[in-house]
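I have a structure here, written as structure tokens, and I will follow up with some questions on it.
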Amino acid sequence: MGVLNGVVSFGRGKARGKVVFGAKKDAVAGEGAVCVFSHDFLPVEGKVINACCGVVFDVSDSGLAGFFERHFVGEEKFPVVGLYDVGCFREGDDVIVDADNKTVEIVGVEVIHVATAVIFSPDGRVMVFRRSQAVGSHRGLWAGVSGHVENGEDPVETAWRELREETGFGPKDLHFLGAGKVLYARGGDRVWAVHPSGFLLKGGGEKPALLKPRLDWENVEYKWMGVDEIKRLEERGLTVPRLWDTVMRVRAF
């Protein structure tokens with residue numbers, strides 16, 4: 001089931017409708033529309049907002065959060081849910097916005113929770129891995145160390161487990177930097193809810209490439225890359241979806 005957990009909600013109850021992005025040339029969305037707002041798609045007061053049956057917005061935009069708080073606190077207009085990331089929605093998606101439970105469901109879409117470990121060198125480069133042809137998805141693409149989050153498992157625990165399995169690295173080799181906010185990568189009828197964690201490779205001085213991971217069957221090679229190189233590869237379709245965003249979620253730690 002494609003249920004996404006929200007961060008904040010306003011209004012009450014739930015509503016179901018088709019996704020419309022932002023305010024398009026002042027045209028109202030119309031009854032049965034769920035409006036999705038981000039820094040790319042901003043609300044227009046008194047027009048699109050009042051025509052929606054529900055709203056989803058990106059809480060990382062402080063201006064949007066303030067807008068909906070001003071307009072909805074203490075009122076019951078319709079359900080509004082804020083997510084850390086709205087990149088998984090597509091125009092026309094059938095969604096259910098539930099303000100009471102602070103969730104958004106994309107009907108007919110499966111949500112898969114994965115933990116991604118991002119390994120940094122002392123000089124700020126990132127260790128990325130090219131996935132083998134034996135894995136179930138994203139074969140041959142560059143990625144971080146990732147694995148499915150089991151029910152009830154902390155994503156950071158998942159990251160440590162996958163690091164041991166895919167690289168042989170453990171706490172003696174890596175310093176945990178912190179966990180980043182979840183982001184969503186869409187692929188057809190699947191959404192990967194990516195929980196990033198940052199790690200710093202211990203030792204190695206100015207030559208971290210001398211410290212080599214022990215690769216298992218999931219990856220065929222690794223490289224140290226700068227964030228700009230990762231961005232260029234992603235633009236060419238050579239990385240898993242949103243790898244650059246995943247790295248940037250934890251780069252600041």
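Throughout, read-outs are computed from the coordinates displayed, never taken from laboratory work. Computed from a predicted structure; not experimentally measured. Because the Cβ atoms are built from the backbone with ideal geometry, glycine has one as well, and the counts that use them run over all protein chains shown.
Calculated FRET efficiency, residue 123 and residue 175, Cβ-Cβ r, R0 22 Å, to nearest 0.05?
That gives a FRET efficiency of 0.90.
Right, another one. Which three semi-axes in whole Å describe the equivalent ellipsoid of the range 119-191, each the square root of 5 times a Cα gyration tensor eigenvalue, listed largest first?
Result for the range 119-191: semi-axes of 21, 17, 14 Å.
Treat every Asp and Glu Cβ in the chain as -1 and every Lys and Arg Cβ as +1, leave all other atoms uncharged, and give the resulting dipole magnitude about the Cα centre to the nearest 20 debye.
Around 600 debye, computed over the chain.
Counting DSSP beta bridges in the chain, what percent are antiparallel, to the nearest 5?
65 percent
Would you mind getting me the FRET efficiency between residue 100 and residue 69? Use the beta-carbon distance for r and R0 = 25 Å, nearest 0.05.
About 0.90, to the nearest 0.05.
Are any of the pairs 14/102; 77/181; 18/231; 14/181; 18/77; 77/102 more than 21 Å apart by Cα-Cα distance, and if so, which?
77/181; 18/231; 14/181
May I pose another question? Among (i) 60, 36, 32; (ii) 209, 66, 34; (iii) 55, 51, 31, which one is Cα extents along the principal axes in Å computed from these coordinates?
Read-out from the structure maps to (i).
Under a Cβ-Cβ cut-off of 15 Å, what is the net charge of the residues other than residue 129 that fall near it, where Lys and Arg count +1 and Asp and Glu count -1?
Within the 15 Å Cβ shell, the charges total 0.
Run the dipole for the range 110-251 about the Cα centre, Lys and Arg Cβ at +1, Asp and Glu Cβ at -1, nothing else charged, and hand back the magnitude in debye, nearest 20.
400 debye
Report the full-extension gain for the segment residue 134 to residue 216: residue separation times 0.36 nm, less the Cα-Cα distance, to one decimal in nm.
28.4 nm
Moving on to the next point. Go ahead and run the numbers for FRET between residue 77 and residue 253, Cβ-Cβ distance against an R0 of 41 Å, rounding to 0.05.
About 0.60, to the nearest 0.05.
Starting from 0.36 nm per residue, how many nanometres of slack lie between residue 156 and residue 227 once their C-alpha separation is accounted for?
Extending this stretch completely gives an extra 23.3 nm.
Ignoring everything except DSSP H segments at least 4 long, calculate the 222 nm mean residue ellipticity for the chain; use -39,500 (n - 2.57) per segment, divide by total residues, nearest 500.
Result for the chain, helices only: -5000 deg cm²/dmol.
Using the basic label-point model (7 angstrom from Cα toward the beta carbon), what is the residue 164 to residue 238 distance in nanometres?
3.4 nm
I'd like the isolated cysteines in the chain, meaning no second cysteine's beta-carbon lies under 4.7 angstrom from theirs.
Lone cysteines by the Cβ rule: 53, 88.
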